[in-house]
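Presented below is the structure to which this report refers.
Coordinate-derived values only; no laboratory data. Every value quoted in this text rests on a predicted model; they were computed, and no experiment measured them. Cβ placement follows ideal geometry from the backbone for every residue including glycine, while neighbour counts extend to all protein chains displayed.
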Amino acid sequence: RALLAVSLNLMALLFSTTAFITTHWCEGTQRVPKPSCGKEKKTNCLNYSGNETANETNQNVVHYSWETGDDRFLFRYFHTGIWYSCEENINAAGEKCRSFIDLAPASEKAKAFFPFYKCHHCCFLSYLTAQQCKHLACPLRAVLWISSQSGVLWLSVVSEVLYIMLLVVGFSLMCLELFHSSSVIDGLKLNAFAAVFTVLSGLLGMVAHMMYTQVFQVTVSLGPEDWRPHSWDYGWSFCLAWGSFTCCMAASVTTLNSYTKTVIEFR
């Protein structure tokens, strides 16, 4: 059972690290206008009036295109992780990436931490603007908003880092208990601490994954218009993250089970 717990913990550590550094938590398509056709671009573009030379040389000509509706748009592939969001480059080969933190709604990023506002003679800590305060009944709805979306994202990043660090600590304690335990009492102590650190890491990982999901969904609705997805779904990095959480909790249960069994046999 100790070897099984170590194996599960190692899998959780590998999965979480891979998910943390990759950019496939969410993926889908974005609807963008087709670029104008030119000498170097002949496909997936708008050919106005069927005359490319006139398009380039005479700027006073009225251009028209027979394409309407969705035919005027391209659906480019994108994928997003904790650090970066990468999109298919429609003008050249490859992808172009930008920081996902910069995609958080500007109205949220511009607000400072914990400003004070008065609302119907109620003063409370929040991120609400004065206009938003007018619509609140302060005695009933005075609230504390912990952070902006970018702040929640950074909190998610910190939680992910702590999750990985606690997994490393739990894995190290399990290895010590498995290979270097000199007595039953020492083994029990290492087993107990390993179980505690593994459970704590699992809880942090769950919170981190849920916070990132919340931030992404808000960014889909309130993020830059040139980035908002037309359709999206969760990617393989997201599956790895939750697979890591599953392995982590399985390792903690196995470790606690081993600890309980050893205590019963020792008595």
Theoretical FRET efficiency, 1/(1+(r/R0)^6), r = Cβ-Cβ of Q214 and H180, R0 30 Å, to 0.05: 0.10
For the stretch 226-267, the fraction of alpha-carbon pairs in successive 10 Å shells from zero, as %: 23, 25, 20, 15, 10, 5, 1
